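The values are calculated or read from the model by the stated rules, or taken from the named source; none is laboratory data. What you see is a predicted model; the values in this text were computed from it and never measured. In this analysis, Cβ positions are derived from the backbone assuming ideal geometry, glycine residues included, and neighbour counts consider all displayed protein chains. Only protein heavy atoms, including side chains, enter the accessible area calculation; ligands, DNA and RNA are left aside. Shrake-Rupley method; radii C 1.70, N 1.55, O 1.52, S 1.80 Å.
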Amino acid sequence: MSTVLNAKVPAGELRDKWDNYKADAKLVNPNNKRKFKVIVVGTGLAGASAAATLAELGYQVDAFTFHDSARRAHSIAAQGGINAAKNYQGDGDSINRLFVDTIKGGDFRSRESNVHRLAQVSVDIIDQMVAQGVPFAREYGGMLDNRSFGGAQVSRTFYARGQTGQQLLLGAYQQLSRQIGLGGVRLFNRTELVDVVVVDGRCSGIVVRDLLTGEITSHAAHAVVMATGGYGNAYFLSTNAMNSNVTASWRAHRRGAMFANPCFTQIHPTCIPQSDESQSKLTLMSESLRNDGRVWVPKNADDSRPAEQIPESERDYYLERLYPSYGNLAARDVSSRAAKRLVDKGHGVGPLKNGVNLDFSAAIARLGRDVVEERYGNLFQMYERIAGEDPYSTPMRIYPATHYTMGGLWVDYELATTIPGLYAAGEANFSDHGANRLGASALMQGLSDGYFVLPYTISNGLAPLLNKPVPTTDHPAFVQAETEARERFNSYLNVKGTRSPDWFHRELGKIIWDYCGMERTQQGLEKALSELPALYSEFKKDLRVTGSGENVNQTLEKAGRVDDFFQLGMLMCRDALDREESCGAHFRSEYQTDDGEALRNDQDFCHVSAYNSTGDPMSPDLVKEPLVFETAQLATRSYK
């Protein structure tokens, strides 16, 4: 494989690149589109929108999900909203401002051309979803309403109460269902990708496992789209759905797709704190709550009074103090680190003193309870059910938790990986968010990639293949991949050790969180890189998987996913150790300013770190893609 990465960025001014690309892209005649088959793995916002749109264009599409229904994808859990540069509020927003905010939010570690395209097509996403009937919130006069999100000084976030991801996914799902009914899409549910098949250097299909019967089969296609989400569950405790995993992306990586910036993982500042050591899931509370909620801790670390009894003069509204220009809507990474520092100093609240207060008393006094309930009612109900406290009368307790991953499969401007014929969309790729994602931009990227980018870029890749033969599933490469998959799952069953996959996953997550979480050090990362291989060796010798591989066996499914998390975890720590700077959510304690902010090293690390698989995640092959900023000038990021 070439060690030179070609991002295929079109020529021309930044604002014209996407239009130039579309004008010059190769097209496929409508009658020829039905000659091409495209596999889409994952049915969240990116996958469902891509599958529906490609089928609408005339391609044959096979869509795969390990859920029982496509609408159970993790996109449904997104709460707060979706960004778009519509400037409906007349507050100075524009495509360029959204572009600059996103570049700045990612701390200048993302590709300029991809980010500008994302901002450019954001305005089309809202029109598309409104046409599908998505019930966005509206103002009294009927116009679409907006709220603010972290890292921005304008109101550009469109929302559907606290259920925006659910409503957007239902919109994409209905379009997918329409195409299933018309025969344009074949849906394979309860089916998990376990390998990618590469023939003569090109992705020719996938190997899947039926989660109900254990049967392993192959599917061939002209192109494969990975839309399988992120890898936040490597930390064990995260806001991700319990089944979210990295297996699809990691199997592609092992077959030759480069993995980029694996250490860029986002910690969300607004989650319900962990309640005990046996907990296996964390719950996100939408960032939109920081529109009206004020974050504070007691000034006195020994203050044990209930929050409502602590007077204003004895409260530290630390985000408003540290970042007056953005206040409680400072970007996620800086807000998370600020909370961690105060909790570490003993100012935490709650039974375990592991949280901070998110207080709505001022908003209720200013707007009235009815308005606050209209905006956030379902989120308040969810919090009360989990925490057993009424957030209308006492502040919510929140603390940062793993949420999103900016790293992923390396893709070029066309969203193509380093394996020809294999594409990655949504959170599965690395392309748009740099070292820190802005709030409400995940839904924007997923729908951008699926509805407005892939339909153009895939045709550009497929056009030269017209009437050329492609390998079928009886090709030796498919047979070999199936055999290897069966042997791998049988090996998990045959270890017959004493510990479950969940036990190993929890121990793995603790190591990664402690040493490659919110704050990283050379000493800690080196310790993680000594402990992870030892724990992985124990996993191979002492894993216990009960049951068989010929029926539903969630323990066996988990074993395969944890195996891939181990290998990814080593790569994450290696990448974090090699990147000797602080940028965005990647915070190395050795590299910070006098006031505790991230200290970038643009001279040595203004690049994308992309890794080839060598078979040993402890010794990956690093390839750098230089980042060039022609429009957004490199500057020290500040939210003060």
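Determine which member of the set Leu193, Leu187, Leu237 is surrounded by fewer than 21 Cβ atoms within 10 Å (Cβ to Cβ) and in a strand (DSSP E or B).
The unique qualifying residue is Leu187.
Counting only residues that are part of a strand (DSSP E or B) and surrounded by 20 or more Cβ atoms within 10 Å (Cβ to Cβ), which one in the range 585-621 is nearest to the chain's Cα centre (by Cα)? Write out each step before concluding.
Of the range 585-621, the ones part of a strand (DSSP E or B) are 586, 588, 592, 598, 607-612, 621.
Filter once more, so that each one left must be surrounded by 20 or more Cβ atoms within 10 Å (Cβ to Cβ): 586, 588, 598, 608-611.
On the way: His586: 15, Arg588: 22, Ala598: 22, Val608: 17, Ser609: 18, Ala610: 17, Tyr611: 19 Å.
If we take residues in the range 585-621 being part of a strand (DSSP E or B) and surrounded by 20 or more Cβ atoms within 10 Å (Cβ to Cβ), then His586 is nearest to the chain's Cα centre (by Cα).
Kindly indicate whether any position in the range 467-479 is open to solvent by 40 Å² or more (accessible area, probe 1.4 Å), assigned to a helix (DSSP H, G or I) and acidic (Asp, Glu).
no
For Pro391, all conditions in the list (1) touching a Gly at 6+ places or on another chain (Cβ under 7 Å); (2) part of a loop (DSSP other than H, G, I, E, B) hold save one; what is the number of the exception?
Here Pro391 clears every test but (1).
Could you tell me whether any residue of the range 166-176 is open to solvent by less than 10 Å² (accessible area, probe 1.4 Å) and in a strand (DSSP E or B)?
Going through the range 166-176, the residues open to solvent by less than 10 Å² (accessible area, probe 1.4 Å) turn out to be 168-169, 171-172, 176.
Retained after the next criterion (residues that are in a strand (DSSP E or B)): none.
No - not one qualifying residue is present in the range 166-176.
If Gly293 satisfies every condition in (1) under 28 Å from Thr164 (Cβ atoms); (2) at pLDDT 95 or above; (3) open to solvent by 20 Å² or more (accessible area, probe 1.4 Å) but one, which is the exception?
(3)
Hey, among the residues in the range 568-579 that are in a helix (DSSP H, G or I) and either open to solvent by 10 Å² or more (accessible area, probe 1.4 Å) or charged (D, E, K, R) (or both), which one's farthest from Gln592 (Cα to Cα)?
Arg574
Do you know which residues across the range 395-452 are open to solvent by 10 Å² or more (accessible area, probe 1.4 Å), hydrophobic (A, V, I, L, M, F, W, C) and in contact with a His (Cβ under 9 Å, 6 or more places away or on another chain)?
Across the range 395-452, the qualifying residue is only Ala442.
Enumerate the pairs (first residue in the range 280-294 and in a loop (DSSP other than H, G, I, E, B); second residue anywhere and basic (Lys, Arg)) with beta-carbon separation below 8 Å, excluding pairs fewer than 6 apart on the same chain, so at least 6 apart or on different chains.
Hits for this filter: Ser280/Arg506; Asp292/Arg375.
Across the range 376-394, what is the total count of residues that are open to solvent by 10 Å² or more (accessible area, probe 1.4 Å) and touching a helix residue (DSSP H, G or I) at 6+ places or on another chain (Cβ under 8 Å)?
Total satisfying the criteria: 5.
Give all pairs with beta carbons closer than 9 Å in which a residue from the range 112-141 that is outside any helix (DSSP H, G or I) meets a residue that is basic (Lys, Arg) and open to solvent by 60 Å² or more (accessible area, probe 1.4 Å); count only pairs at least 6 apart in sequence or on separate chains.
Pro135/Arg161; Ala137/Arg161; Ala137/Arg375
Just one of (1) in contact (Cβ under 8 Å) with a residue 24 or more places away in the chain; (2) out of contact with any Ser or Thr (no Cβ under 7 Å at 6 or more places or on another chain); (3) open to solvent by 30 Å² or more (accessible area, probe 1.4 Å) trips up Ala55, so point out which.
(3)
Please work out which one of (1) under 27 Å from Val198 (Cβ atoms); (2) open to solvent by less than 10 Å² (accessible area, probe 1.4 Å); (3) in contact with an Asp or Glu (Cβ under 9 Å, 6 or more places away or on another chain) is the condition Ala257 fails and give its number.
(3)
Could you count how many residues in the range 200-217 are farther than 16 Å from Thr417 by Cα, open to solvent by 20 Å² or more (accessible area, probe 1.4 Å) and part of a strand (DSSP E or B)?
Our first condition is that a residue be farther than 16 Å from Thr417 by Cα; within the range 200-217, this holds for 207-217.
With the extra rule that they be open to solvent by 20 Å² or more (accessible area, probe 1.4 Å), the set shrinks to 210, 212-213, 215, 217.
Of the ones still in play, those that are also part of a strand (DSSP E or B) are 210, 217.
Within the range 200-217, residues that are farther than 16 Å from Thr417 by Cα, open to solvent by 20 Å² or more (accessible area, probe 1.4 Å) and part of a strand (DSSP E or B) number 2.
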